[in-house]
């Protein structure tokens, strides 16, 4: 039921404050950053206004493009792993009795409170040679010698997936909890084994939610800045690391801004393509 | 084929006994209703039969073979769920053919079977529509078609008509019954609506608080309820406390009444309850003294068009009498009358 | 059979998620600085240091202050947007909502960079207030999502009932909407608070050299030879989060707050 027609002004009243806040503190900074990416770098200082594509040109070199490619790869892999593991986990959680569900939720929310630094730090210990999982396995006689798995690509992936996992579950949780429990039951009475039910009934229904979550984790992972430094070797450093490096330590703001803009364009493009593909698929169906 | 048999089936949820020690036999080809109020265990029982719930004790036998441990997806029982549970991401045809696909039936055969079933449920030509485009009644039929697609051994329905409006519901009751008679599949339907059970079933299983209260054909349950719960739940009934006076006589509200039969185990002096259907209660003028007549006072008269209900007070107990418009008693609120409870229509039950 | 597999799968996942928590607890209680396996020596000294040394207490106070204020800022921006969208489904409302989600969707380093440039241009670079506002905007998404969820869960008939009893728009908001949405506002605030406590990059870029927050201190200490005190910090934070969310779960309906909805029979 629509409310009685309020005056135009009164209707827009609640939107004034957020518009100012977001406009001033989000849109403006972003616009400035865009402008800075075209600016001229002053060595040792910040920058001076100008318009040149030198920063973008510098970016289009094999080193930086290679890093971009690696960043996209890592983010994509993280998103895929998170959803492959996270979807069944969330599904099982929604099927649990209330008490156990709450325990899992509080547990996940507590894991969320671990900062990226701590996650990197603890995983580097877990995968170390002196106090890690390999020591445990040696102690249990499952391995001969302790081995160091960090820093390295596997370690980085461990940390990235660990970071993205709670978000995956929290985002999928509302959608999956709305599943009519009689749907999988109906499939079972029609002869589908539990595994088949999962793949032919449950996952197809949630195709959109899955895609949205993958995109979210992908973009989120692109922005991870600390884990590659703590758990990975220099060759594993992602674009976000380089951006920060350029901005802070090299004092090259224009270049950093250019890379940031580029990164954003690429991720928006990928997101857009995925959404369009999804829409086209639905229209063709 | 000896049909379905439940032996000593029990299911507990924590401290609550959902189903207690159920022994039931469902012979082949008949239409059964599990009837009872909410929480009586009927849905739990149905799900145990379907294999969706494992019983804590007891056995489920099909044609004398033990299927208690057989998982749901191998039992080949078609089930219609209360929420219908139609797959939202598939078309009507794909929904119906879901089970066939699992059995690797090829596309042409699937299509044919699908059309057959849609004809059977009187919904031809909608195979390519999406579920969301159908009305409630149409979805109902699709759910039934889907459950029957695999020619199941048992046809199970969990309150399938509860979401329909009254008129459609009545029509569907008749249709379902006719469908079952045409196909001949053993059918078990769960409902809390006793009119539904009376309309459709060959036999009714009345349940209360996890236990089976009575099993029998609808009319038998109506005419000869086995206990006060069944008497009260099925139709309306006048229940009055009584004391057994002698063989064939009980005392109600100080008056002696003749009865046709007494249940075993009730001797003189035993406390009992008598049950009389309102349509058997006659309201007579104060002057017409005779056998089995209690003095009473009219408290309310309700004329609903198709029948006239007279509410009476007999020594503090409420008695309702229902008569057709032709036989309406000529009384007004407050009149003193005699209430006749004919001996042949009194059922004596243990208290 | 499959029930067993499910149990096994969930147990493995629980272990995976709990492993870093175990390690962090182990480091925080370790008597020596270097953690070895099997662990040796139990001690509270790192906690002592955390709660007594100024080097740690100052960042703790900074982080708590920033978190408290910025979560409030985030909530204050989120609630009008959510309400605006719920009440009047205008295009502008949708646009504002998307804008509200945006800071979180972008890679944080980009947002941080944007803020860095902005505050530098405006001349407020390096101030704590700048961090508070930046975090406030950065974390708008969370209360926005939770409050929207809360508004969505209000049955329209409840509002209609209030109207028929004579409540005007403002009264409906005050007496019906706010009480029903309050738990969602609290959980949104809690989310933003917890995330602000642990946020590194924005705080670092905006005021990293002048205002030392806890994550900055931890990362610095990691760089220059770590101290187990940071593990104590992590343990305290985890316990705090568990307490806050456990409390919400105890006195409220946590699954519902997180969006769960069981279909009515």
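The values are calculated or read from the model by the stated rules, or taken from the named source; none is laboratory data. Everything numeric here is computed off the predicted structure, so don't read it as measured data. With ideal geometry, Cβ positions are generated from the backbone for all residues, glycine too; neighbour counts draw on all protein chains shown.
If only one of B:225, B:263 is within 27 Å of the chain's Cα centre (by Cα) and at pLDDT below 85, which one is it?
B:263
Regarding residue A:259, is this residue within 11 Å of chain C (Cβ to nearest Cβ), part of a helix (DSSP H, G or I), surrounded by fewer than 23 Cβ atoms within 10 Å (Cβ to Cβ) and in contact with a helix residue (DSSP H, G or I) (Cβ under 7 Å, 6 or more places away or on another chain)?
No: the conditions fail for residue A:259.
Looking at segment B:303-351, which of its residues are part of a helix (DSSP H, G or I) and within 28 Å of the chain's Cα centre (by Cα)?
B:343, B:344, B:345 - these are the residues of segment B:303-351 that are part of a helix (DSSP H, G or I) and within 28 Å of the chain's Cα centre (by Cα).
When you scan segment B:98-119, do you find a residue that is under 32 Å from the mean Cα position of the chain (by Cα) and either within 12 Å of another protein chain (Cβ to nearest Cβ) or within 18 Å of residue A:196 (Cβ to Cβ) (or both), even just one?
Checked against the condition, which is being under 32 Å from the mean Cα position of the chain (by Cα) and either within 12 Å of another protein chain (Cβ to nearest Cβ) or within 18 Å of residue A:196 (Cβ to Cβ) (or both), segment B:98-119 yields at least one hit.
Identify, from the list A:266, A:241, the residue that is surrounded by fewer than 19 Cβ atoms within 10 Å (Cβ to Cβ), within 12 Å of chain C (Cβ to nearest Cβ) and either in contact (Cβ under 8 Å) with a residue 60 or more places away in the chain or touching a helix residue (DSSP H, G or I) at 6+ places or on another chain (Cβ under 8 Å) (or both).
A:266
Identify all residues within segment A:229-238 that are touching a helix residue (DSSP H, G or I) at 6+ places or on another chain (Cβ under 7 Å), part of a helix (DSSP H, G or I) and away from chain C (no Cβ under 13 Å); write none if there are none.
Result: A:236, single match.
Which one of these does residue C:123 not meet: (1) free of Cβ contacts under 8 Å to residues at least 40 places away in the same chain; (2) more than 13 Å from chain A (Cβ to nearest Cβ); (3) out of contact with any helix residue (DSSP H, G or I) (no Cβ under 7 Å at 6 or more places or on another chain)?
(2)
Which residue, of A:106, A:111, A:80, A:102, is more than 7 Å from chain C (Cβ to nearest Cβ), surrounded by fewer than 23 Cβ atoms within 10 Å (Cβ to Cβ), touching a helix residue (DSSP H, G or I) at 6+ places or on another chain (Cβ under 9 Å) and outside any loop (DSSP other than H, G, I, E, B)?
A:80
Is segment C:83-93 home to any residue that is within 11 Å of another protein chain (Cβ to nearest Cβ), touching a helix residue (DSSP H, G or I) at 6+ places or on another chain (Cβ under 7 Å), within 15 Å of residue C:207 (Cβ to Cβ) and surrounded by 21 or more Cβ atoms within 10 Å (Cβ to Cβ)?
Within segment C:83-93 (the criterion being within 11 Å of another protein chain (Cβ to nearest Cβ), touching a helix residue (DSSP H, G or I) at 6+ places or on another chain (Cβ under 7 Å), within 15 Å of residue C:207 (Cβ to Cβ) and surrounded by 21 or more Cβ atoms within 10 Å (Cβ to Cβ)), the answer is no, since none of the residues qualifies.
Please find, among C:50, C:64, C:57, the residue that is within 25 Å of the chain's Cα centre (by Cα), modelled with pLDDT of 80 or more and surrounded by 14 or more Cβ atoms within 10 Å (Cβ to Cβ).
C:64
Looking at the structure I just gave you, is residue B:149 within 12 Å of chain A (Cβ to nearest Cβ), farther than 11 Å from residue B:84 by Cβ and buried (at least 21 other Cβ atoms within 10 Å of the Cβ)?
Here the answer is yes, as residue B:149 does meet what is asked.
Only residues that are facing chain C (nearest Cβ under 9 Å) and either crowded, with 23+ Cβ neighbours inside 10 Å or over 28 Å from residue C:102 (Cα atoms) (or both): list them for segment A:217-228, please.
Scanning segment A:217-228 gives A:220, A:221, A:222, A:223, A:224, A:225, A:226.
Could you tell me whether any residue of segment A:56-64 is more than 13 Å from every other protein chain (Cβ to nearest Cβ), at pLDDT 75 or above, part of a helix (DSSP H, G or I) and within 25 Å of the chain's Cα centre (by Cα)?
yes
Which numbered condition in (1) touching a residue at least 60 places away in the same chain (Cβ under 8 Å); (2) under 30 Å from residue A:234 (Cα atoms); (3) away from chain C (no Cβ under 13 Å) is the only one that residue A:145 fails?
Failed condition: (1).
Would you mind stating whether residue B:178 is out of contact with any helix residue (DSSP H, G or I) (no Cβ under 9 Å at 6 or more places or on another chain) and either farther than 25 Å from residue B:52 by Cα or not assigned by TED's automatic domain parsing to the domain that holds residue B:23 (or both)?
yes
Would you mind stating whether residue B:55 is more than 14 Å from chain A (Cβ to nearest Cβ), touching a helix residue (DSSP H, G or I) at 6+ places or on another chain (Cβ under 8 Å) and closer than 17 Å to residue B:179 by Cβ?
Considered against the rule, which asks whether it is more than 14 Å from chain A (Cβ to nearest Cβ), touching a helix residue (DSSP H, G or I) at 6+ places or on another chain (Cβ under 8 Å) and closer than 17 Å to residue B:179 by Cβ, residue B:55 comes out as no.
Does segment B:192-205 hold any residues that are surrounded by 24 or more Cβ atoms within 10 Å (Cβ to Cβ) and part of a strand (DSSP E or B), and which are they?
B:204, B:205
Given (1) within 19 Å of residue C:20 (Cβ to Cβ); (2) in contact (Cβ under 8 Å) with a residue 60 or more places away in the chain; (3) surrounded by fewer than 22 Cβ atoms within 10 Å (Cβ to Cβ), where does residue A:163 come up short, assuming only one miss?
For residue A:163, the exception is condition (3).
Can you name the residue in segment C:167-213 that is in a loop (DSSP other than H, G, I, E, B), at the interface with another protein chain (Cβ under 10 Å from one of its Cβ atoms) and in contact (Cβ under 8 Å) with a residue 40 or more places away in the chain and is also nearest to the chain's Cα centre (by Cα) among such residues?
C:199
Go through segment A:36-45 and give me each residue that's surrounded by fewer than 16 Cβ atoms within 10 Å (Cβ to Cβ) and either part of a helix (DSSP H, G or I) or at pLDDT below 65 (or both).
Of everything in segment A:36-45, those that are surrounded by fewer than 16 Cβ atoms within 10 Å (Cβ to Cβ) and either part of a helix (DSSP H, G or I) or at pLDDT below 65 (or both) turn out to be A:42, A:43, A:44, A:45.
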